[in-house]
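The values are calculated or read from the model by the stated rules, or taken from the named source; none is laboratory data. Just so it is clear, the model here is predicted, and its values are computed rather than measured. Positions of Cβ are generated from backbone atoms using ideal geometry, with glycine treated the same way; all protein chains shown enter the neighbour counts.
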Amino acid sequence: MKMISLHDAVEMIPAGASLMIGGFMGVGTPDPVIDEIVRQGKRDLTVIANDTAAPGVGIAKLVGAKLLRRVIVSHIGLNPETQSQMLDGQLQVDLVPQGTLAERIRAGGFGLGGILTATGVGTIVEHDKQKITVDGRDYLLETALRADFGLVHAFIADYLGNLSYVLTARNFNPLMAMASKVVIVQAGNIVPVGLISPDHVMTPAPVVDYLVMKG
């Protein structure tokens, strides 16, 4: 794990990259990293996240700046700009049920090819998906999700890169840290090694590539 400036962290992200961005309606999203992406004008991005938040919040800043080509999310209902860009054909939106989304990310992080889920069987969701029958019940094969970069927000990080989260920030950040090739972490607090109890480490240091320096 390396300490890195916010500018240098975002500079590593090329146009057209795929990003997993943690958070749940903006809670647990690394806002300083989002702001720097907007400032540097990174374009044609694919974002995998739970949602696109609300106007002016978190991932919605990327939507508003029209930096995204595609989003894979479970919810866009609170962001009219996402809806508008989707309807205008400016933004490809893949809507995935929240549980399926979480499991596809988990599968990516654990080296699996995908998951089997009954969600969507018998609906339009079946289109172009492989159906598999197990013990007389039909399931859809949903492929694993991975990304070039994982943008993670932690409540606490130590100087080795061990991470701990609080509340809904824990919903997607730990999964995305596992499913991304390069993990960039912005932490609310950076503390000496040993201050995070081993029982409270939710993402271990070997998973983290870069920790953004405060200030």
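For region 198-209, a residue qualifies if it is closer than 17 Å to Phe24 by Cβ and either touching a Phe, Trp or Tyr at 6+ places or on another chain (Cβ under 7 Å) or surrounded by fewer than 23 Cβ atoms within 10 Å (Cβ to Cβ) (or both), and exactly one does: Met202.
Scanning region 34-76 for residues that are among the polar types (S, T, N, Q) and within 11 Å of Ile21 (Cα to Cα) yields Thr46, Asn50, Thr52. The set of residues in region 184-197 being surrounded by fewer than 24 Cβ atoms within 10 Å (Cβ to Cβ) and closer than 27 Å to Glu103 by Cβ consists of Ala187 alone. Among the criteria (1) farther than 30 Å from Lys214 by Cα; (2) part of a loop (DSSP other than H, G, I, E, B), the one Ile132 does not fulfil is (2).
For region 131-165, a residue qualifies if it is more than 24 Å from the chain's Cα centre (by Cα) and either modelled with pLDDT under 95 or closer than 18 Å to Leu101 by Cβ (or both), and exactly one does: Tyr139.
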